Amino acid sequence: MTRRVAILLSGGGSNMVALARSMTGDHPARPVLVMANSADAGGLDKARAMGFETDYVDHRPFGGDRAAFEDALHARLMQAAPDIVCLAGFMRVLTEGFVRRWQGRMLNIHPSLLPKYRGLHTHARALAAGESLHGCTVHEVTPELDEGPILGQATVAVLPDDTPDTLAARVLVMEHQLYPAVLRRFAAGDRSLVTLP
Ligand code: GRF
């Protein structure tokens, strides 16, 4: 049975494009919805141009009421009835209540070699620490931020003249390979670790 995938994003959506482009042919899944937490997320335009159903729930009108925002997000997701939710540059931290509703079928990509550098500014922190290797991680989402079971990692060498931007750009290239590779396995019920390159 073809698995239904919803993709949540906040920004430009390059990971969404990589995931969506990979879900063709004998891939066990298909994208059914691309959602954002604001109407002007560039990724929504890309998804529309690819012919996918899109929508958004703006978190701002909810102010600090995260549960109400997440209830609206959950309700819209349920209309699409996805089997799997992929967080792809979705920058709202989700509460335990929301995560518990999707746990075991929600993935996230994070731009570091977890458990190193949870949170933000991962490239600058890796450079400041003098790391020789950096990369990205796809993990299952659990209530603890960036702590869920790891399903895949891709490494890149840190170069002597790297800046956070040049490092981020090389990591993003690996993200676009890693996330589709992990999703293909996960959608087939296989949680074995993917390592790249
Ligand atoms: C990616 O680097 C991802 O790891 C991080 O946010 C960025 C999103 O990029 N969580 P894009 O919107 O997929 O281009």
query: Has region 137-153 got any residue that is within 14 Å of the ligand (Cβ to nearest atom), at pLDDT 95 or above, open to solvent by 20 Å² or more (accessible area, probe 1.4 Å) and more than 16 Å from the chain's Cα centre (by Cα)?
result: no
query: Applying the selection to region 47-58, what residues are in a loop (DSSP other than H, G, I, E, B), farther than 11 Å from A6 by Cβ and open to solvent by 30 Å² or more (accessible area, probe 1.4 Å)?
result: M50, G51, D58
- prompt: How many residues does region 114-128 contain that are buried (at least 21 other Cβ atoms within 10 Å of the Cβ) and in contact with a Ser or Thr (Cβ under 6 Å, 6 or more places away or on another chain)?
  reply: 1
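Residue-wise test of (1) at pLDDT 95 or above; (2) out of contact with any strand residue (DSSP E or B) (no Cβ under 7 Å at 6 or more places or on another chain); (3) of a type in the set (S, T, N, Q); (4) over 17 Å from A187 (Cβ atoms).
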{"residue": "M16", "(1), (2), (3), (4)": "yes, no, no, no"}
{"residue": "R21", "(1), (2), (3), (4)": "yes, yes, no, no"}
{"residue": "N37", "(1), (2), (3), (4)": "yes, no, yes, yes"}
{"residue": "D40", "(1), (2), (3), (4)": "yes, yes, no, yes"}
{"residue": "K46", "(1), (2), (3), (4)": "yes, yes, no, yes"}
{"residue": "D55", "(1), (2), (3), (4)": "yes, no, no, yes"}
{"residue": "G64", "(1), (2), (3), (4)": "no, yes, no, yes"}
{"residue": "A80", "(1), (2), (3), (4)": "yes, no, no, no"}
{"residue": "D83", "(1), (2), (3), (4)": "yes, no, no, no"}
- request: Only residues that are open to solvent by 40 Å² or more (accessible area, probe 1.4 Å) and not hydroxyl-bearing (S, T, Y): list them for region 165-190, please.
  value: D165, A169, R170, L172, V173, H176, Q177, R184, R185, A188, G189, D190
query: Counting just the residues of region 12-46 that are small (G, A, S) and either assigned to a loop (DSSP other than H, G, I, E, B) or more than 13 Å from the ligand (Cβ to nearest atom) (or both), which one comes out nearest to the chain's Cα centre (by Cα)?
result: G13
message: I need a count of the residues in region 88-109 that are within 16 Å of the ligand (Cβ to nearest atom), open to solvent by less than 10 Å² (accessible area, probe 1.4 Å) and either in a strand (DSSP E or B) or touching an Asp or Glu at 6+ places or on another chain (Cβ under 7 Å) (or both).
response: 2
Flag for A67 being touching a helix residue (DSSP H, G or I) at 6+ places or on another chain (Cβ under 7 Å), within 16 Å of the ligand (Cβ to nearest atom) and among the small types (G, A, S): no
message: Filter region 12-40 down to the residues that are of a type outside the set (A, V, I, L, M), open to solvent by less than 30 Å² (accessible area, probe 1.4 Å) and without any contact (Cβ under 8 Å) to a residue 40 or more places away in the chain and list them by number.
response: P31, S38
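The values are calculated or read from the model by the stated rules, or taken from the named source; none is laboratory data. A quick note: this is a predicted structure, and the numbers were derived from the prediction, not measured. No Cβ is skipped: glycine too gets one built from the backbone with ideal geometry, and neighbour counts run over all protein chains shown. All accessible areas refer to the heavy atoms of the entire protein, side chains included, with ligands and DNA or RNA removed. Shrake-Rupley method; radii C 1.70, N 1.55, O 1.52, S 1.80 Å.
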